[in-house]
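First the structure, then my questions, so here it is.
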Amino acid sequence: ITVTFVQKDGERRHFTAASGQTLMEVGRAGDVRGILGECGGACSCGTCRVVVEDEAQRRLVGDAGGLEADLLFFFDDNPPGTRLACQIRLAPELDRLVVTVPQD
Ligand code: FES
């Protein structure tokens with residue numbers, strides 16, 4: 001599964017990930033700026049925000065629900081497609097996923 005993180009300055013970082021990994025784990029392992037994952041993926045810190053810009057990919061990834069939506073509510077700049085990377089578990093259908101990292 002290949003994934004691409006687009007940094008705030010436009011730099012594109014590509015990674016190969018295994019099915020079952022979360023997007024946050026991939027970003028953190030790859031030192032993607034803005035993916036800190038401070039809570040370790042417990043959906044409580046908000047330091048792993050990403051934006052899925054592409055509509056078709058957004059449908060595959062799905063919307064934030066439950067706890068995740070509650071946490072995102074505290075950020076006032078959530079463009080459509082904003083998700084927490086720790087809540088996106090990679091699967092074959094998400095191959096070639098591209099996300100933007102809104103923070104550095
Ligand atoms: Fe903390 Fe995602 S790693 S909310």
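Laboratory data are not the source of any read-out in this text; all were calculated from the coordinates shown. Note that the structure is a prediction, hence the values are computed from the model and not measured. Methodologically, a virtual Cβ is constructed for each residue, glycine included, from the backbone with ideal geometry; neighbour enumeration extends over all protein chains shown.
Distance in nm between label sites at E53 and D9, each 7 Å beyond Cα in the beta-carbon direction?
It is 1.7 nm.
Specify the longest stretch of the chain that does not include any exposed loop site, a site being one of the trypsin sites (Lys or Arg not before Pro) with a non-H, G, I, E, B DSSP assignment and at most 16 other Cβ atoms within 10 Å.
34-95
When V6, V50 are ordered from fewest to most other Cβ atoms inside 10 Å of their Cβ, what list results?
Ranked by crowding around the Cβ, least crowded first: V6, V50.
Could you put I35, I1 in order, starting from the residue whose Cβ has the fewest other Cβ atoms within 10 Å? Each step should come with its number before you reach the end.
Numbers: I35 25, I1 18.
Final ranking by Cβ density, sparse to dense: I1, I35.
Also, I was wondering about something else. Over the chain, what portion of Cα pair distances is larger than 25 Å, expressed as a whole percent?
Details: 397 of 5356 pairs.
Above the 25 Å cut-off, the chain has 7 percent of its Cα pairs.
What list do you get for T22, T16 if you sort them by fewest beta carbons within 10 Å?
Going from sparsest to densest Cβ surroundings: T16, T22.
Under the Karplus relation 6.51 cos²θ - 1.76 cosθ + 1.60, θ = phi - 60°, what is the ordered set of whole-Hz ³J(HN,Hα) values for region 49-54, x standing for Gly and Pro?
5, 9, 10, 8, 7, 6
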